[in-house]
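The values are calculated or read from the model by the stated rules, or taken from the named source; none is laboratory data. Since the model is a prediction, treat every value here as computed from it, not as a measurement. Here the Cβ is made from the backbone with ideal geometry for all residues, glycine too, and neighbour counts use every protein chain on show. With ligands, DNA and RNA removed, areas are computed over all heavy atoms of the protein, side chains included. Shrake-Rupley method; radii C 1.70, N 1.55, O 1.52, S 1.80 Å.
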Amino acid sequence: MSGIVLSQSGAGKSSLTELIECLTPPEEVVLFSRLSPQALYWMERDALCRRLLILEERVGAEAADYSIRVLQSRQRLTQAVVIKDR
């Protein structure tokens, strides 16, 4: 399950998010102020499994927007990277 809280400035988005966080066991909450574009790819495979992921502000998640959308829809991320030989 996923959700995005959208509203105009000063409408109580942060308060709603904080309330949802309070209703969730602390060990199940993962809170970030910002995510880099590659952050989710390098996390442990089950790091977000059955977790409430909270990104404090939309601007802090914009760089990772694609990763977040893929994770929401496919429930996994894959990536190929080049590793330099010694």
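Remarks
- In the set (1) out of contact with any Lys or Arg (no Cβ under 9 Å at 6 or more places or on another chain); (2) farther than 14 Å from ARG58 by Cβ, VAL29 fails one condition alone, (1).
- Candidate set from region 21-51 (those that are in contact with a strand residue (DSSP E or B) (Cβ under 7 Å, 6 or more places away or on another chain) and among the hydrophobic types (A, V, I, L, M, F, W, C)); member that is least open to solvent (accessible area, probe 1.4 Å): LEU35
- Taking the numbered list (1) open to solvent by 70 Å² or more (accessible area, probe 1.4 Å); (2) at pLDDT below 90; (3) part of a helix (DSSP H, G or I) in turn, SER14 passes all entries but (1).
- Qualifying residue in region 40-50 (condition: in contact with a Phe, Trp or Tyr (Cβ under 9 Å, 6 or more places away or on another chain) and touching a residue at least 24 places away in the same chain (Cβ under 8 Å)): no
- Sole exception among (1) in contact with a helix residue (DSSP H, G or I) (Cβ under 8 Å, 6 or more places away or on another chain); (2) open to solvent by 80 Å² or more (accessible area, probe 1.4 Å); (3) not in a loop (DSSP other than H, G, I, E, B) for LEU6, by number: (3)
- Flag if LEU48 is among the hydrophobic types (A, V, I, L, M, F, W, C) and touching a Leu at 6+ places or on another chain (Cβ under 6 Å): no
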